[in-house]
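I have placed the structure first, in the form of structure tokens, so that the comments after it can refer back to it.
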Amino acid sequence: MADEIEVVQAVEPESSEAEAANRTVDAREEGFQEAQVKEDKLNITKQPPQETSWERDQKIMHDAVAPNEVFYMDRASSDRRVQKPGSIIDPKNKDKKALDTIVASLPEDTNNPPHGLKKEEKKQEEPAPKNPFPHADPVFAYYGNDKKTLLHFVLRHEDGPQGQPGPFEPHQIYNTPEHKPAWYWVHKLVGQDAINKNTSKEIDRLTAIRKKREVADKDQKHKVDQEELFQAKISAFEMDVVRTTSQRELKSKIRRSKSIMELTAYVGAIIAMETMNGKATD
């Protein structure tokens, strides 16, 4: 500010030689200089600040703590944050992995963790539901659909009073609230790995059954088709135009026909030939 004033004064035109001389004399007078010093002590003329208030506060806090700790102040929230030696907290850092590392380094008894760096609270596990099978044990289980919301399982009941083996009883449940206890205990007693393996085996078993059924159905259809073809050939040779025709090659093709459509084509050819020769009869 003072520099600017001096510059303005330097470029301001002098009104006379007397005013210039007076200014030179005033500058040499001790009283005039002391008046300027007093004016500066009253903060009338201020020098530009060398550091901001935030930097000054940060420096004060840094000098107040132990050398092996690091402090910084968030200007937005003005909350002080302490960090263990060897790490630096950057409020602009959005790296979750870095934040998790910093949180893990905080002391366990920290009541007020830094803003945005709260430790994750451990979720309390729900208590196990009551076992719905007090006198039986699930010994086998597998999923009944791709979404794994249907569960088939087998219960083995207790042995009889004379030591006879207990009966086995199949059941099925869905993953719904009303079946939650049974769902929980079947998975706990049979085991997730065993259920997955049993499910794979059940899929293989059902796939083999389906393929065998498809083969059986195909064979059955072939037998039916052959029976129908055989009956169609008998009916064709019972026709007078086929039985009396001289087209021996066409008659042979009727016998070797592998489908009813093929047989029908050869019969039609014989009828056409006999009609052209004038031998076809009704």
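Would you mind computing, in nm to one decimal, how far apart the modelled labels at Val139 and Thr244 are, each placed 7 Å from Cα along Cα→Cβ?
Going by the 7 Å Cα→Cβ label model, 7.9 nm.
Over segment 207-276, what relative contact order in percent results from Cα pairs under 8 Å that are six or more residues apart?
Relative contact order, segment 207-276: 30 percent.
Quickly rank 218-229, 197-208 as a protection proxy: mean count of other C-beta atoms within 10 Å, highest first.
On the way: 218-229: 11.0, 197-208: 12.5.
Ranking, from highest mean packing down: 197-208, 218-229.
Please work out the C-alpha center-to-center distance from segment 169-230 to segment 128-150 and express it in whole Å.
About 17 Å separates the Cα centre of segment 169-230 from the one of segment 128-150.
What is the sum of charges, Lys and Arg at +1 and Asp and Glu at -1, for the other residues whose Cβ falls under 13 Å from the Cβ of Glu158?
Summing Lys/Arg as +1 and Asp/Glu as -1 gives -2.
Where the only charges are on Cβ atoms (+1 Lys, Arg; -1 Asp, Glu), what is the dipole of segment 207-276 about its Cα centre, to the nearest 20 debye?
My answer is approximately 460 debye.
Starting from the coordinates of the alpha-carbon atoms of segment 232-282, obtain the Kirkwood hydrodynamic radius over all distinct pairs and give the value in Å to one decimal.
Result for segment 232-282, one decimal place: 10.7 Å.
In whole Hz, with x marking every Gly and Pro, tabulate ³J(HN,Hα) for segment 268-275 from phi via Karplus 6.51 cos²θ - 1.76 cosθ + 1.60, θ = phi - 60°.
x, 5, 5, 4, 5, 5, 5, 5
Taking the Cα of Phe168, stepping 7 Å toward and past its beta carbon, and measuring to each backbone N in segment 174-195: which are under 20 Å?
186-195
With the crude spin-label approximation of a point 7 Å out along Cα→Cβ, what separation in nm comes out for His187 versus Asp217?
A separation of 3.6 nm, rounded to one decimal place.
Give me the extension gain from Glu126 to His157: residue separation times 0.36 nm, minus the current Cα-Cα distance, reported in nm with one decimal.
Details: separation 31, 0.36 × 31 = 11.16 nm, distance 2.82 nm.
Stretched fully, the Glu126-His157 segment lengthens by 8.3 nm.
Obtain the nm distance between the two label points defined at Leu150 and Glu202 by a simple spin-label model: each point lies 7 Å from its Cα along the Cα-to-C-beta direction.
0.9
Using only alpha carbon pairs under 8 Å that are at least six residues apart, calculate the relative contact order of segment 165-282 and give it in whole percent. Spell out each step's value before the answer.
Details: 45 pairs, mean separation 20.0, N = 118.
Contact order relative to length: 17 percent.
Go through Lys221/Lys253; Lys221/Lys258; Lys130/Lys180; Lys148/Lys180; Lys197/Lys218 and tell me which ones have a Cα-Cα distance over 21 Å in this structure.
Flagged as over cut-off: Lys221/Lys253; Lys197/Lys218.
Laboratory data are not the source of any read-out in this text; all were calculated from the coordinates shown. In this text, all values refer to a predicted model and were calculated from it rather than measured experimentally. Counting neighbours? That spans all protein chains shown, and the Cβs are built from the backbone with ideal geometry, glycine included.
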